[in-house]
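*Asks:* Just passing along the structure, written as structure tokens.
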Amino acid sequence: MTRLMDLVAGDAPDILLVIGTDDLAAFDEPDRFTAHLALGGGLDPTWLDLFSEATRAVTGSAEPPDFIDARLELDGPGDTEDRVIERVDPSWISTVARITEHDIGAIAARWIDLVEDELGDLPREEKPSIRELAGQLVAFCQAADRAPDVLFAWSLR
């Protein structure tokens, strides 16, 4: 079983089939899926809660909710106690999709601060990748905003 932490937009049965067969390269087939973002196995899912918190702080909005509150666990092919598949609330996707280019830098900076509050100082060379990831999350949500389903699949090992 391949380690994963991915957001995928498209039809849930097709996404579940890919996960169940461990054919994760198929997520990058543009005619098959609306959008795909591989977050990397090293990212902790709670970082997405911190991204939501950073977004609220910068925009002054009550949205999006913490990512953990925007997910509903699904049963599907490939489910094991080490792999979790969750449906992402469309309102979380829509809220992130509306983040302006102007706000991404400030959100990324606040996100870094929140991660450092949780984990301690991050190495300087990791901070640009977090800034890049903030932009990738917004771009993913913009592409996924009208998709029938968005699933979050991740594994513990």
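The values are calculated or read from the model by the stated rules, or taken from the named source; none is laboratory data. Since we're looking at a predicted model, the values are computed, not measured. Here the Cβ is made from the backbone with ideal geometry for all residues, glycine too, and neighbour counts use every protein chain on show. These area figures cover heavy atoms from the full protein model, side chains too; ligands, DNA and RNA do not enter into them. Shrake-Rupley method; radii C 1.70, N 1.55, O 1.52, S 1.80 Å.
*Asks:* Inspect all residues belonging to the stretch 37-50 and state whether any of them is β-branched (V, I, T) and either open to solvent by less than 50 Å² (accessible area, probe 1.4 Å) or at pLDDT 95 or above (or both).
*Replies:* No, there is no match, as no residue in the stretch 37-50 is β-branched (V, I, T) and either open to solvent by less than 50 Å² (accessible area, probe 1.4 Å) or at pLDDT 95 or above (or both).
*Asks:* Residues G20, G78: which one is on the phi > 0 side of the Ramachandran plot, open to solvent by less than 50 Å² (accessible area, probe 1.4 Å) and at pLDDT below 90?
*Replies:* G78
*Asks:* Further question: I need a count of the residues in the stretch 54-69 that are within 16 Å of C141 (Cβ to Cβ), without any contact (Cβ under 8 Å) to a residue 40 or more places away in the chain and either assigned to a loop (DSSP other than H, G, I, E, B) or of a type in the set (S, T, N, Q) (or both).
*Replies:* Total meeting the criteria: 5.
*Asks:* A153 is checked against (1) more than 13 Å from the chain's Cα centre (by Cα); (2) open to solvent by less than 50 Å² (accessible area, probe 1.4 Å); (3) not β-branched (V, I, T) and fails just one. What number does that condition carry?
*Replies:* Just one mismatch for A153, condition (1).
*Asks:* Now for a different question. I'm checking my understanding of the structure. Among residues of the stretch 1-53 that are among the aromatic types (F, W, Y), assigned to a helix (DSSP H, G or I) and closer than 17 Å to A139 by Cα, which one is farthest from the chain's Cα centre (by Cα)?
*Replies:* F27
*Asks:* So which of R131, R87, R83 is among the basic types (K, R) and either free of Cβ contacts under 8 Å to residues at least 12 places away in the same chain or surrounded by 19 or more Cβ atoms within 10 Å (Cβ to Cβ) (or both)?
*Replies:* One residue alone meets the criteria, R83.
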